[in-house]
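Derivation of every value follows stated rules applied to the coordinates shown; laboratory data play no part. Note that the structure is predicted; figures quoted are calculated from it, not measured. So basically every Cβ, Gly included, is an ideal-geometry build from the backbone, and we count neighbours across all protein chains shown.
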Amino acid sequence: MQETRQNRIARLLQKELASIFQSQTRTMHGVLISVTRAKVSPDLGICTAYLSIFPSDKAEEMLKNINANEKTIRYDLGQRVHNQLRIIPELRFFIDDSLDYIERIDELLKK
């Protein structure tokens, strides 16, 4: 039963984080940030979000910027989901490099 609730909350947070990043990256032309996966801890206190950043050469710089602004992102998230959640989870962001990994495997297979 707890896993079902965790999954529902993770999907909600993923959707809302994606819309926050979409609105913030509109001002930066040529940068696209998408939330590929979100996982919530069993106590619903920590949300781990995996981000796919395009172009990938700016990924580290963007991740540093996102981690520096984690408090404002959490505040924006709280404004959006305050009716659904009592406690807004702490956010942790990681780069999802699965697309780069797939691309690398394709390159190796073509050789």
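Which of the trypsin sites (Lys or Arg not before Pro) found in the range 24-63 are loop residues per DSSP with 14 or fewer other Cβ atoms within 10 Å of their Cβ?
Listed in order of number, the matching sites are Arg26.
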Labelled set (i) 10.9; (ii) 8.2; (iii) 10.3; mean projected area of the Cα convex hull in nm² computed from this model equals the value at (ii)
Radius 15 Å from Cβ of Phe93, net charge of other residues (Lys, Arg +1; Asp, Glu -1) | -1
Have a look at the DSSP beta bridges in the chain and tell me what percent are antiparallel, nearest 5.
-> 55
Roughly how many Å is it from the Cα centre of the range 85-111 to that of the range 59-77, as a whole number?
-> 17
In order through the range 56-72: 3J(HN,Hα) via Karplus (6.51 cos²θ - 1.76 cosθ + 1.60), integer Hz, x for Gly, Pro = 6, 6, 9, 5, 5, 5, 5, 5, 4, 5, 5, 5, 5, 9, 4, 5, 6
Phi to ³J(HN,Hα) by Karplus 6.51 cos²θ - 1.76 cosθ + 1.60 over the range 8-16, Hz, x for Gly, Pro | 5, 5, 4, 5, 4, 5, 4, 5, 6
Estimated 222 nm signal from helices in the chain, with DSSP H stretches of n ≥ 4 weighted -39500 (n - 2.57), rounded to 500 = -17500 deg cm²/dmol
Collect residues whose amide H, placed 1.01 Å from N in the peptide plane, falls under 5 Å from the amide H of Ile95; neighbours closer than 5 in sequence don't count.
-> Leu51
